[in-house]
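Read the structure below first, then the notes.
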Amino acid sequence: MCQPGHVTTAPVCVLGLGLIGGSVLRAAVRAGRTAWGYNRSADAIAGSREAGYDTGTDLIAALHRAAETGALIVIGVPMPAVDPILDAIAEHAPNNPLTDVVSVKAEVAAAVARHGLSATYVGGHPMAGTNQSGWSSADPDLFQDAVWVVGVDDDADPDVWRQVASLALDCGSVVVPVESGEHDRAVARISHLPHLLAEALAGVGAVSPLALGLAAGSFRDGTRVASSSPDLVRAMCEGNADALTEALDEALAVLTRAREELVHERSTRTLVTAGHRARLLYEEHERFDISGVEPGDDGWLEKFRSAGRLGGVVRQIRSASPG
């Protein structure tokens, strides 16, 4: 087995240099990759070139360079901006290996298909972030020991999969293989719903200066992500509307039952007991290393999916066999 980073040294072209895209560029450079990035606004990446990073505002030039070098293209823009980026890729670098770091997967995969780029696409989603945004908050350590989802949708190309997984490993993450629809249903519950609950908690808690003056750790921690950019939160949540609606309905039902128990029995026992038990399940959840399967093996996609569902992670991958 090769160590992480030895599968490929392909260049990396990052399109969109906010918190996640910028962190990918910084981490890839630190890992020894040749990497460059595009961002629409020069002001948003002010100082990046002076700091030694190869960045610019010319999308076509970035894509021509990617096409000439066979670079792995990483889409790092919010969901509403994905289609224009795909338009440019389809015109200027249609044969390059392609991935993304967008927080929803099925909608990105559908957009990629509409542009005729599915053959070289494998989706990605690093499960890392902060409530900050923009290049100035980008950090090459953001992905250390984090989970990075790498898609295992039907017909995923094994060589592209290796390249995407290799980038994730180079950035310090472990790889969890997940199918797009399953990913979106899961993150609706553990990422997108928490954003909505944090917004609600912030609004309820900010009813008066006294309440804000008394707020301490539980309010601070529970509302942390409510300080995220509203535009980015909306793009993330609205891009996963169906799965998020289902999760929100479940949360509302739980809270409604808790209210009824509080009104009629003056008790919060059911909700508090169940929530405590669920939190312990999260704390006790263990990962295991996926072994005995490599991209391109017979049945590799379903084997990866099954292992990913149970908590399996990929920490290293083997180079493709010659020929």
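Evaluate the following for P80: is it open to solvent by 10 Å² or more (accessible area, probe 1.4 Å), in contact with a helix residue (DSSP H, G or I) (Cβ under 7 Å, 6 or more places away or on another chain) and at pLDDT 95 or above? Steps first, answer last, please.
Values: open to solvent by 10 Å² or more (accessible area, probe 1.4 Å): yes; in contact with a helix residue (DSSP H, G or I) (Cβ under 7 Å, 6 or more places away or on another chain): yes; at pLDDT 95 or above: no.
Against the criterion (open to solvent by 10 Å² or more (accessible area, probe 1.4 Å), in contact with a helix residue (DSSP H, G or I) (Cβ under 7 Å, 6 or more places away or on another chain) and at pLDDT 95 or above), P80 does not qualify.
All of (1) in a helix (DSSP H, G or I); (2) farther than 23 Å from A93 by Cα; (3) among the aromatic types (F, W, Y) hold for W161 with one exception: (2).
For region 41-76, a residue qualifies if it is at pLDDT below 95 and either assigned to a loop (DSSP other than H, G, I, E, B) or open to solvent by 50 Å² or more (accessible area, probe 1.4 Å) (or both), and the qualifying residues are S41, A42, D43, A44, A46, G47, S48, R49, E50, A51, G52.
From L252, L193, L244, which residue is open to solvent by 50 Å² or more (accessible area, probe 1.4 Å) and either more than 19 Å from V313 (Cα to Cα) or over 21 Å from the mean Cα position of the chain (by Cα) (or both)? Walk me through it before giving the result.
On the way: L193 fails: open to solvent by 50 Å² or more (accessible area, probe 1.4 Å); L244 fails: open to solvent by 50 Å² or more (accessible area, probe 1.4 Å).
Going through L252, L193, L244 in turn, just one is open to solvent by 50 Å² or more (accessible area, probe 1.4 Å) and either more than 19 Å from V313 (Cα to Cα) or over 21 Å from the mean Cα position of the chain (by Cα) (or both): L252.
Between residues in region 261-274 that are modelled with pLDDT of 95 or more and open to solvent by less than 80 Å² (accessible area, probe 1.4 Å) and residues that are outside any helix (DSSP H, G or I) and polar (S, T, N, Q), which pairs lie under 6 Å by C-beta distance while being six or more apart or on different chains? Short answer, once both residue conditions are applied: E261/S267. Of all residues in region 94-131, those that are hydroxyl-bearing (S, T, Y) and surrounded by fewer than 24 Cβ atoms within 10 Å (Cβ to Cβ) total 3. Residue pairs whose Cβ atoms lie under 6 Å apart, sitting 6 or more positions apart in sequence or on different chains, and linking a residue in region 223-237 that is at pLDDT 95 or above and polar (S, T, N, Q) to a partner that is surrounded by 14 or more Cβ atoms within 10 Å (Cβ to Cβ) and part of a helix (DSSP H, G or I), are T223/A198; T223/L201; T223/A202.
The values are calculated or read from the model by the stated rules, or taken from the named source; none is laboratory data. As the structure is a prediction and not an experimental result, all values here were calculated from the model. Backbone-built Cβ (ideal geometry, glycine too); neighbour counts: all protein chains shown. For accessibility, only protein heavy atoms count, side chains too; no ligands or nucleic acids. Shrake-Rupley method; radii C 1.70, N 1.55, O 1.52, S 1.80 Å.
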